[in-house]
Amino acid sequence: MATKQNMEPQKKQRDSIGTVLYGLYLLFLLLSVVVLVRIAYLQLFYKPDPAIAAWFKPRSEKVVLEPLRGAIIARDGRLLAMSTPLYQIFMDCTVMKKAYKDQPEKEAEWREKAKALSVGLAGIFGDKTWNAYYDLIISSREAGNAYVKIGRRVDHETMKRIAALPLFEEGPNRGGFLPKKFDSRQYPYGSLARRTIGYVKDNSKSSGNSMIGLEGRFDYVLHGKEGVEWMKVTDNRDRIHNYDSVYVRPEDGLDVRTTLDIDIQDIADQALRRQIEESPKVEGGCAIVMDVETGAIRAMVNLLRDSVSGKMNESYNMAIGRAGEPGSVFKTSTLMSLLEDGKVTLSDEIPTNHGAVKGFSIDNHIIDYERENKTNKISVLHGFEISSNYVFRRLAIDAYGSSPKVMIDKLYRYKLGEAYDFDLDGFTTPTIPSPDSRYWSNTDLGSIAIGYTVAITPLHTVTFYNAIANKGRMMKPYLVESIEENGIVREKRGPSVLSGSICSRATADTLTRALTMVTEEGTGKTQLGGASCPVAGKTGTARIAQSGGYTNEKGQIQYQGTFVGFFPANAPKYTTIVVLYSNPGTGILYGGTMPAKAFREIVDKVYALDSANGTVLSAKAPMPKWN
């Protein structure tokens, strides 16, 4: 049995151990508190030195995600412009180079595979020999080039064939295969309507695209919205998504459905192209086909001959951008004003006066008319049929000489003096002299009456004639029907009215009859007399102003020949204009020749096309009455 003396040392020993353990407990508790406080500080307040932290973090790269550009579609859904993926192949020629530094047999094996790869690349691309490709790969490997461009851009199927070649089949880390995807813009119908559709290389805003046509005007809906992704670069040079960063999904562009009828566009293109090809004296020309009821443009052709190669290209939109003196096609606006104001009827006769109007040269057509018909009077209708400058100068001066502003105001009412909003950029503002201007002269009214001293575009002219075909209701010309997303209409555009009525229905009917007589008995008879359906139209021939006047230093004159009208005249469906521009020379380009011939081809082929499609254009409806 233990004595009391023996128990006391044991107790003291236990107390000593307890004290030590308690001290250790307090120490670890204190350390734990310090650690927890430190952790809280690091989590909540500590900001590491960015320069130091960068050494310990994987490098991140901001990648802009390009959206898929929307398509441009014809009225029937056929694709006029679309984006398809193409791939540019790059090669990291330095792969496994360090690993094989002390293994010559492995390096030799790699080079043999590179030789087989070169043979495959030469076979697919056909732009270099296999030796040239092999030299490129080996020289780049020795120079340490890790991003070498291989061949041209290819489609997805070809990219897969390239990916299956020796060495490339081993992927990016062992074979150096680095394909880069691009969304490439494709135009299935080639140059057809190219100036109207426009052009863009790809959908990247950073590529410095200079866009024209619908591609440019509607880029804000076609382009879509870029997305953003942050990528981490791993030790193996792989790029993986950084989930700690923001990801913004790209929004693909919307589709633009146009009013263009690709079949009518092709008809108009061929008709215009044929006339330009047959005559070296023609510089180029344009044609527009418009739907009478809506103002929808079914075709817009612009062909300009290249001065070097002689080939025709859609390089400039003359239909909306080239304003010039229209010549006799403008006489219809003069006649409209006279009819609306009750100044004349078509059967009225005026003295021929040997074709003389004060301040102007003699109209020799009137001299011939007097001699052939043994008369000194001519009717308004016949003056219109033969496109007499004398008749319309005389009528305008007699009716508006004391108040020319009345006639000029009417031209603005006909929208011939303004560049209204249109679906393409570059619509030129017309020029019409003002009687209030200090530059107004005594001869301006007589010149305006026959289409001189003014400058308007072909689109202005065809829109005016379309209003006559539409019984005086002027529709705004347009190219875009709707903005769509996967076939669902997001924005409906469609037809709109420029002017509810530029003239009365009776005046429109009278003008239609007068325009029909031009093609039956007048200056348009030769080309339009035997068309597939009745045509109402007008010829126009005008000199083009050059530096210093209408004649250049070589004594040469440049002409603009126009034919504009609508068909069938008795039940109008299409309004069309054809304008040709000559090179400076000595011959005259009359509106009743090549322009009228191209117009005739458009009439006959569109008539046949609509008949084949079950939309028979009327050729038997009665003509409207006229006064």
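Key figures
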{"read-out": "Average Cα contact separation per residue, the stretch 253-356, under 8 Å, 6 or more apart, as relative contact order %", "value": "18"}
{"read-out": "Principal-axis tilt of helix 458-469 within the chain, Cα atoms, nearest 10 degrees", "value": "60"}
{"read-out": "In the stretch 59-92, trypsin sites (Lys or Arg not before Pro) in a DSSP loop with at most 14 other beta-carbon atoms within 10 Å", "value": "Arg59, Arg78"}
{"read-out": "Pair Val246, Glu418: separation of 7 Å Cα→Cβ label points (nm)", "value": "4.4"}
{"read-out": "For the stretch 523-611: accessible area per residue (Å², 1.4 Å)", "value": "34"}
{"read-out": "Probe 1.4 Å, accessible area per residue of the stretch 78-138, Å²", "value": "49"}
{"read-out": "Positive dipole terminus of the stretch 150-200, leading residue within Ser184, Ile197, Leu165 (C-beta point charges)", "value": "Ile197"}
{"read-out": "17 Å cut-off, amide nitrogen to a point 7 angstrom out along Asn552 Cα→Cβ, residues in the stretch 566-585", "value": "581-585"}
{"read-out": "For peptides 377-390, 328-341, 128-141, sequence by mean Cβ density within 10 Å, most packed first", "value": "328-341, 377-390, 128-141"}
{"read-out": "Label-point gap, in nm, between Ser379 and Phe125 - each point 7 angstrom along Cα→Cβ", "value": "7.6"}
{"read-out": "Separation in nanometres of the label points that stand 7 Å from Cα toward Cβ, at Lys180 and Lys405", "value": "6.5"}
{"read-out": "Among (1) 158, 80, 54; (2) 79, 61, 42; (3) 166, 66, 53, the entry that matches Cα extents along the principal axes in Å as calculated here", "value": "(3)"}
{"read-out": "Only Lys, Arg (+1) and Asp, Glu (-1) charged, at Cβ; the stretch 304-452 dipole about Cα centre in debye", "value": "360"}
{"read-out": "Euclidean distance of C-alpha centroids, the stretch 466-537 and the stretch 107-122, integer Å", "value": "67"}
{"read-out": "Average accessible area per residue (Å²) across the stretch 453-509 - probe 1.4 Å, nucleic acids and ligands excluded", "value": "35"}
{"read-out": "In degrees, nearest ten, helix 104-125 long axis to first principal axis of the chain (Cα)", "value": "10"}
{"read-out": "Pairs from Lys115/Lys180; Lys62/Lys181; Lys343/Lys476; Lys180/Lys232 whose Cα-Cα separation, in the structure shown, is over 20 Å", "value": "Lys115/Lys180; Lys343/Lys476"}
{"read-out": "Portion, in percent, of the accessible area of the chain that falls on carbon or sulfur, probe 1.4 Å", "value": "52"}
{"read-out": "Contour excess over end-to-end distance, with Cα ends at Leu26 and Ala506 and 0.36 nm allotted per residue", "value": "161.7 nm"}
{"read-out": "Highest-first arrangement of 518-525, 109-116, 39-46, where packing means the average Cβ count within 10 Å", "value": "518-525, 109-116, 39-46"}
{"read-out": "Antiparallel %, DSSP beta bridges [both residues in the chain], to 5", "value": "95"}
{"read-out": "Extension gain from Ile362 to Glu105, taking 0.36 nm per residue of separation minus the Cα-Cα distance", "value": "82.7 nm"}
{"read-out": "Length released on extending from Asp15 to Tyr220, taking residue separation times 0.36 nm less the Cα-Cα span", "value": "65.2 nm"}
{"read-out": "Leading residue at positive end of dipole, the chain (Cβ point charges), from Leu479, Leu136, Thr523", "value": "Leu136"}
{"read-out": "Helix axis angle, 262-278 relative to the chain longest principal axis, alpha carbon, degrees", "value": "60"}
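The values are calculated or read from the model by the stated rules, or taken from the named source; none is laboratory data. Quantities reported herein were computed from a predicted structural model and do not represent experimental measurements. Using ideal geometry, Cβ is built from the backbone for each residue, glycine included, and neighbour counts are taken over all protein chains shown. Protein only, heavy atoms only, side chains kept; ligands, DNA and RNA dropped before computing areas. Shrake-Rupley method; radii C 1.70, N 1.55, O 1.52, S 1.80 Å.
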